[in-house]
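Input: a single structure, listed below in structure tokens.
The values are calculated or read from the model by the stated rules, or taken from the named source; none is laboratory data. If you're wondering where the values come from, they're calculated on a predicted model, not measured in any experiment. FYI the Cβ positions are ideal-geometry reconstructions off the backbone, even for glycines, and counts take in every protein chain you see. These accessible areas exclude ligands, DNA and RNA; they are computed on the full protein's heavy atoms, side chains included. Shrake-Rupley method; radii C 1.70, N 1.55, O 1.52, S 1.80 Å.
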Amino acid sequence: NAAQGGGSSPGGAQRGAVGGGRPRGGGGSGLRAQVSGVQKQRRLAANARERRRMHGLNHAFDQLRNVIPSFNNDKKLSKYETLQMAQIYISALAELLHSP
């Protein structure tokens with residue numbers, strides 16, 4: 001049967017072209033479900049880590065906003081504006097330290 005392209009498996013049974021090279025018995029779908037379940041758990045864990053990271057980052061920005069002097073206290077500064085104001089504030093403080 002090797003001349004027909006089927007060949008022999010290590011167990012001695014021959015495979016024909018009918019099976020298409022897939023395992024018989026439908027056992028592959030259970031493995032696929034396990035793999036997708038593991039992937040889903042990993043994705044959920046990664047999402048939770050990212051949420052914790054962003055929560056920490058936003059908390060740090062809130063703390064920075066609280067120590068930066070601001071003229072318009074009713075409007076919350078964006079992250080970009082907060083960094084700009086922090087840079088200006090630090091430069092001004094450094095200038096005060098270096099002035100006679």
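How charged is the neighbourhood of Lys79? Take every other residue with its Cβ under 15 Å from the Cβ of Lys79, and add Lys/Arg as +1 and Asp/Glu as -1. Please list the in-between numbers first.
Details: positive: Arg53, Arg65, Lys75, Lys76; negative: Asp62, Glu81.
That works out to +2.
Leaving out ligands, DNA and RNA but keeping every protein chain, what accessible area does Phe61 have, in Å² rounded to the nearest 10, with a 1.4 Å probe?
Surface open to solvent at Phe61 totals about 30 Å².
Using a 1.4 Å probe and ignoring any ligands, DNA or RNA, find the accessible area of Tyr89 and quote it in Å² to the nearest 10.
80 Å²
With r as the distance between the Cβ atoms of Ala94 and Phe71 and R0 = 22 Å, compute the FRET efficiency 1/(1 + (r/R0)^6) and round to 0.05. Provide the component values of the computation, followed by the final result.
Details: r = 21 Å, r/R0 = 0.95.
Working from the Cβ atoms, E equals 0.55.
Run through segment 40-83 and list the trypsin sites (Lys or Arg not before Pro) located in a DSSP loop whose Cβ has at most 16 other Cβ atoms within 10 Å. Before the final figure, lay out the partial values.
Details: sites: Lys40, Arg42, Arg43, Arg49, Arg51, Arg52, Arg53, Arg65, Lys75, Lys76, Lys79; in loops: Lys75, Lys76.
Of the trypsin sites (Lys or Arg not before Pro), the ones in loops of segment 40-83 whose Cβ has at most 16 other Cβ atoms within 10 Å are Lys75, Lys76.
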